[in-house]
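Report on the following structure.
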Amino acid sequence: MHLWLIPAFPLAGFLLLGLAGRRMSKSLINTVAVGSVLLSFLWVLRTLSALGSLEQPHLEPYFTWIQSGALRAGFELMVDRLTAVMMLVVTGVGLLIHIYSIGYMAHEGGYYRFFAFLNLFMFFMLTLVMASNFLLMFVGWEGVGLCSYLLIGFYFHRKSATTAGNKAFIVNRIGDVGFTLAILLVFIHFRSLDFQNVFAGLATNPTGVTTAALTAIGLLLLVGATGKSAQIPLYVWLPDAMEGPTPVSALIHAATMVTAGVYMVARCAPIYLQAPLALEVVAWVGLATAFFSATIGLAQNDIKKVFAYSTVSQLGYMFLGLGAGAFSAGIFHLVTHAFFKALLFLGAGSVIHALGGEQDLRNMGGLRKHIPVTFFTILCAAVAIAGVPPFSGFHSKDAILIAAYHHSPLMYWIGVVTAGLTAFYVFRAVFLAFFGSYRGQAHPHESPKVMTLPLAALALLSLGGGYFDVPRWLHPLFPASEGAHDPWLVYVSVAAGLLGILVAYALYVARPGLADEIADRLGALYRLVYNKYFVDEIYDRTVVRPVVNGSHSVLWRGVDVGLIDGAVNGIGSWARGTGAVLRLVQSGNIRSYAAWVVWGSLVALLGFVAAGGLR
């Protein structure tokens with residue numbers, strides 16, 4: 001099937017743009033950047049058409065990458081039903097984002113560099129999802145981390161952008177420590193890093209791997225996933241990632257980096273199914289993240305920050321589904337989320353483009369009259385994420401909530417409240433931006449077709465994507481029960497979403513001043529939520545400052561200056577002092593040398609006499 005061509009096309013695009021992009025015209029850059037992803041998408045379609053139902057994974061080995069003792073890691077690509085879903089999402093949504101970027105970035109500097117990084121992002125994400133072993137997956141894992149750093153900090157002349165890029169890179173390295181340790185434990189217990197060998201070993205368990213070992217592996221994998229997929233406590237990088245260009249936000253939030261952790265946990269389902277404690281932790285971490293970040297989204301005024309916290313919350317939903325044993329429901333929500341979240345971010349980019357860079361919802365209003373295409377498409381995404389039937393988010397969200405109910409009714413009810421909060425803050429953004437009177441200074445204008453056509457395509461997917469029967473497609477991989485369908489559970493969750501929309505309408509359309517009155521009455525509680533619970537400030541005081549201050553006082557002044565420099569400089573000072581004394585002997589004066597000979601002779605004679613006298 002020549003699977004290697006799928007990631008190779010965007011890699012070739014990156015190399016062409018990186019090496020020669022400065023000398024290319026914009027039209028040629030567009031052709032290379034978009035064309036490479038289009039070829040990758042078409043090759044995915046051709047591959048899946050040729051492979052058919054994929055009852056068995058299709059593996060293509062190319063060469064041995066690492067061979068050392070029992071450790072062997074090959075460059076081998078694999079396609080199974082889970083990989084097929086991810087490849088379609090990455091290349092399909094990624095293609096629409098590339099097309100949109102042509103219009104959004106048209107007047108930005110570093111045009112070729114931007115598209116080179118986008119292509120590289122696609123290459124590493126495809127490597128991650130198509131890898132047949134943990135080590136090759138880790139290459140893609142680290143690669144998307146690198147690309148996120150490059151693209152979040154794309155506007156490198158702004159300190160806020162470079163700081164956000166550094167924050168994303170550092171926080172993800174913390175998570176990657178967990179993933180690395182998990183890989184080491186996998187090799188220690190299974191003597192292999194190939195997925196098929198490890199999972200086959202789990203099925204037969206010939207090595208007698210204990211539940212404790214599998215739990216440790218599962219928890220360490222989760223640490224890595226909390227970094228990439230922005231879960232508690234490592235979610236803090238994702239909202240700041242909004243400093244990058246808006247298409248980057250869409251690519252990170254919808255099709256690439258943040259889905260990596262969800263995919264990795266789903267890929268390792270055989271491990272988690274034999275480590276129930278680790279699976280339970282996955283569910284609770286996801287649920288806590290979903291609710292916590294949803295409350296933060298209630299009070300944000302930056303349109304991109306609202307959708308960023310929405311991403312964190314929706315990723316929490318995915319982890320809730322995975323932790324409840326509903327792996328296919330979690331991946332189903334990943335798919336529908338890719339559609340409506342890419343649309344929300346690209347729609348937000350269209351709003352920002354229309355307003356000349358304005359992102360504050362308080363400076364918008366009434367835009368549905370000025371940018372109707374953007375308004376309608378964002379509305380499609382909003383009803384999808386709010387879980388309004390029969391749109392895409394309704395199908396995947398309710399599949400997760402039903403599984404959560406059968407796992408733990410408490411999880412279901414917290415998930416329902418989160419669904420209501422989600423509907424509220426998303427429609428709050430819609431009502432503030434598109435309803436009422438215009439409060440800004442710029443003259444709004446609709447985006448060009450190269451931007452609105454991808455919005456239209458994503459709107460169709462947001463509305464109808466729930467009818468892609470992803471759970472049934474994935475059933476052979478994840479046969480675990482996902483809970484019987486209870487209509488009343490669906491009615492309750494849908495009612496919560498509709499209630500959230502109605503409350504948002506009442507506060508921001510029917511009585512626009514009421515929201516401010518409520519915020520004033522809430523006082524300290526509102527300020528706490530508005531300031532994101534001061535989590536960044538807490539991390540700064542408890543982690544960042546102690547590390548910086550400790551590095552300054554202990555590592556720099558104590559170890560570097562005091563110990564290392566002290567030892568090196570002390571030896572140098574001693575050598576200098578000794579040389580200064582010995583230098584007096586080498587004066588070049590013959591009479592001085594004669595005097596030294598006489599004095600030396602006398603000292604030697606006296607020593608000899610003293611020695612003889614002692615005998």
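Taking Cα atoms only, the orientation of helix 26-51 departs from the longest principal axis of the chain by about 70 degrees.
Shape class of the range 91-154 from the alpha-carbon gyration tensor: oblate, with a/c at 1.5 or above and b/c at least as large as a/b. Under 5 Å between amide hydrogens, built in the peptide plane, is the criterion, and for residue 229 it picks out 261 among residues at least 5 positions away or on other chains.
Largest first and in whole Å, the equivalent-ellipsoid semi-axes of the chain read 55, 32, 27, each the square root of five times a Cα gyration tensor eigenvalue.
The stretch between residue 555 and residue 46, if pulled fully straight at 0.36 nm per residue, gains 177.6 nm over its current Cα-Cα span. Charged neighbours of residue 259, selected by a Cβ distance under 13 Å, balance to +3 (K, R count +1; D, E count -1).
Once the Cα gyration tensor of the range 493-615 is diagonalised, what are the square roots of 5 times its eigenvalues, in whole Å and ordered largest first, as equivalent ellipsoid semi-axes? Each step should come with its number before you reach the end.
Working: eigenvalues 1588, 51, 23 Å².
So the equivalent ellipsoid measures 89, 16, 11 Å along its semi-axes.
Sorting the segments 378-389, 15-26 by their mean number of nearby beta carbons within 10 angstrom, highest to lowest, gives 378-389, 15-26. Each residue was assigned an accessible area with a 1.4 Å probe, and for residue 142 the value is about 50 Å². Within the accessible surface of the range 336-398, defined with a 1.4 Å probe on protein heavy atoms only, the carbon and sulfur portion equals 62 percent. Sorted largest first, the principal axis extents computed over the alpha-carbon atoms of the range 13-108 equal 52, 35, 18 Å.
Of the peptides 439-449, 276-286, the ranking by mean beta-carbon count within 10 Å, highest at the top, reads 276-286, 439-449. Ordering 457-464, 56-63 by mean Cβ neighbour count within 10 Å, with the highest value first, yields 457-464, 56-63. Amide H to amide H, with H built 1.01 Å from N, residue 193 comes under 5 Å of 72, counting only residues 5 or more places away or on other chains. Accessible-area rank, largest first, for 592, 587: 587, 592, with all protein chains present and a 1.4 angstrom probe. For the range 61-73, in order, what is each residue's ³J(HN,Hα) by Karplus, 6.51 cos²θ - 1.76 cosθ + 1.60 with θ = phi - 60°, in whole Hz (x at glycine and Pro)? For the range 61-73, the Karplus-derived couplings read x, 10, 7, 7, 8, 10, 9, 8, x, 7, 7, 9, 10 Hz, x marking Gly and Pro.
Full extension of the chain segment joining residue 586 with residue 525 gains 13.8 nm, where the gain is 0.36 nm per residue of separation less the Cα-Cα distance. Approximating the spin labels as points 7 Å out from Cα along Cα→Cβ, the residue 4-to-residue 173 distance works out to 3.2 nm.
With θ taken as phi - 60° and the Karplus curve 6.51 cos²θ - 1.76 cosθ + 1.60 applied, the whole-hertz 3J(HN,Hα) list for the range 376-392 is 5, 5, 5, 4, 4, 5, 5, 5, 5, 5, 6, x, 6, x, x, 7, 4 Hz, x standing for glycine and proline. Each Lys and Arg contributes +1 and each Asp and Glu -1, all at the Cβ; summed about the Cα centre of the range 1-139, the dipole is approximately 440 debye. Once you charge only the Cβ atoms, +1 for Lys and Arg and -1 for Asp and Glu, what is the size of the charge dipole of the range 390-516 about its Cα centre, to the nearest 20 debye? Its charge dipole is roughly 320 debye. Here the range 298-370 is treated as an ellipsoid with the same Cα gyration tensor; its semi-axes, largest first and in whole Å, are 30, 13, 8.
Label-to-label distance, residue 196 versus residue 363, with points set 7 angstrom from Cα along the beta-carbon direction: 5.7 nm. Solvent-accessible surface (1.4 Å probe) assigned to residue 377 amounts to roughly 10 Å². Taking the charge dipole of the chain about its Cα centre, with +1 at Lys and Arg Cβ atoms and -1 at Asp and Glu Cβ atoms, the residue from 214, 148, 605 reaching farthest to the positive side is 605. Using the Karplus relation 6.51 cos²θ - 1.76 cosθ + 1.60 with θ = phi - 60°, the per-residue 3J(HN,Hα) values for the range 449-458 come to 5, 4, 9, 6, 5, x, 4, 5, 4, 5 Hz, with x marking Gly and Pro. With contacts taken as Cα pairs under 8 Å at a separation of at least 6 residues, the range 211-341 carries a relative contact order of 30 percent.
Partners of residue 159 within straight-line reach, counting aspartates and glutamates whose Cα lies under 18 Å from its Cα and excluding those fewer than 8 residues away in the same chain: 108, 240, 243, 536, 540. Using a simple spin-label model with pseudo-atoms 7 Å out from Cα toward Cβ, residue 547 and residue 139 lie 2.8 nm apart. Taking all protein chains together and rolling a 1.4 Å probe, residue 545 ends up with roughly 120 Å² accessible. When the helix-only estimate is applied to the chain (DSSP H runs of n ≥ 4, each -39,500 (n - 2.57), divided by the residue count), what is the mean residue ellipticity at 222 nm, nearest 500 deg cm²/dmol? Estimated from H runs of four or more residues: -23000 deg cm²/dmol.
Given R0 = 35 Å, the distance between the Cβ atoms of residue 603 and residue 565 translates into a calculated FRET efficiency of 0.35.
Summary of the geometry: the range 128-169 and the range 338-414, compared by the centres of their Cα atoms, lie 26 Å apart. Placing 292, 114 in order of accessible area, with the largest value first and a 1.4 Å probe, yields 292, 114.
In a simple Cβ point-charge model (Lys, Arg +1; Asp, Glu -1; nothing else charged), the chain has a dipole of about 1580 debye relative to its Cα centre. For the range 490-542, the solvent-accessible area works out to 65 Å² per residue, with a probe of 1.4 Å and every protein chain left in place. With R₀ set to 30 Å, the beta-carbon distance separating residue 70 from residue 211 gives a calculated FRET efficiency near 0.80.
The values are calculated or read from the model by the stated rules, or taken from the named source; none is laboratory data. Keep in mind that this is a model prediction, so the values were computed, not measured. We place every Cβ from the backbone using ideal geometry, glycine too, and count neighbours over all the protein chains shown. Side chains are part of the model used for accessible areas, which takes the heavy atoms of the whole protein and leaves out ligands, DNA and RNA. Shrake-Rupley method; radii C 1.70, N 1.55, O 1.52, S 1.80 Å.
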